Each structure stands twice: as C-alpha cells, then as structure tokens.
C-alpha cells in the first residue's frame with residue numbers, strides 16, 4: 001500500500017502556526033499569570049499542550065487534503081529547537097523532561113490535526 005508524500009510546505013506552515021499560537025497564548029496567560037499573583041507558572045503547563053493541540057487543529061483544518069502527519073513533524077521540529085535552545089541553560093534531568101514534552105507535543109499535534117481534518121470535512 002502506497003503512503004502519501006509528506007507535504008513539507010505544511011510542515012513549515014505548521015511550525016509557524018505553533019510559534020504564533022505559542023506567542024499569543026503566552027501573552028494571554030502571561031497577563032493572566034500576573035493577575036494570579038505569581039502562580040502563572042501553573043498556567044505554563046497549560047500553554048504548551050494547548051499550543052500543539054490548537055496548532056494541529058489549525059493546520060489540519062486549513063490545509064487542503066489530508067495533512068495529519070505534517071503538524072506532528074512540525075511539533076517535533078519546534079520541540080527539538082526548544083530543547084537545543086534550553087539545553088544550554090538546563091541540567092541533565094531537565095533535558096529528559098524536555099524530550100518527554102517533545103513526545104507529548106508530537107501526539108497532541110497529531111490529535112489536533114485529526115480533529116482539524118474532521119472539522120474540514122464537516123464544513
């Protein structure tokens with residue numbers, strides 16, 4: 001059985017979507033975090049997963065055809081770049097958690113893309 005070719009254009013666009021969603025959510029939750037008197041770090045635990053889920057939904061919804069793998073690959077790219085950026089400032093144990101968060105990001109983006117594709121079919 002032949003598999004569909006990976007659409008690199010949508011991998012790149014999904015990376016951009018993830019970055020935009022992350023900035024928007026960070027600003028919103030950052031302001032909300034200031035209002036929670038220092039407990040904004042708990043909101044960070046919500047921002048990251050929401051970034052990949054919403055970015056996957058957006059990519060799956062707006063891309064033509066079926067693009068489920070592309071947001072997942074884009075999530076891995078964003079996670080790896082984040083790991084490289086943060087690794088210079090983190091301990092060994094933190095790097096393990098960054099890798100785990102990358103795996104979670106992959107599956108959340110995959111789930112989001114499936115939701116987005118379903119929404120695309122129903123419009």
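Under the condition of being modelled with pLDDT under 85 and loosely packed, with under 12 Cβ neighbours inside 10 Å, the residues counted in the range 1-22 number 4.
Residues of the range 53-64 being more than 13 Å from residue 110 (Cβ to Cβ) and in contact (Cβ under 8 Å) with a residue 40 or more places away in the chain, which ones? Listed by number, the residues that qualify are 54, 58, 61, 62, 63. Applying a threshold of 8 Å to beta carbon distances and a minimum spacing of six or more residues, or different chains, the list of pairs starting in the range 6-23 at a residue that is closer than 9 Å to residue 55 by Cα and ending at one that is loosely packed, with under 13 Cβ neighbours inside 10 Å is empty.
Looking at the range 50-69, is at least one residue out of contact with any strand residue (DSSP E or B) (no Cβ under 6 Å at 6 or more places or on another chain), assigned to a helix (DSSP H, G or I) and modelled with pLDDT under 90?
Scanning the range 50-69, I find at least one residue that is out of contact with any strand residue (DSSP E or B) (no Cβ under 6 Å at 6 or more places or on another chain), assigned to a helix (DSSP H, G or I) and modelled with pLDDT under 90, so the answer is yes.
The values are calculated or read from the model by the stated rules, or taken from the named source; none is laboratory data. Here the structure is a predicted model, which means the values were calculated and not measured. Positions of Cβ are generated from backbone atoms using ideal geometry, with glycine treated the same way; all protein chains shown enter the neighbour counts.
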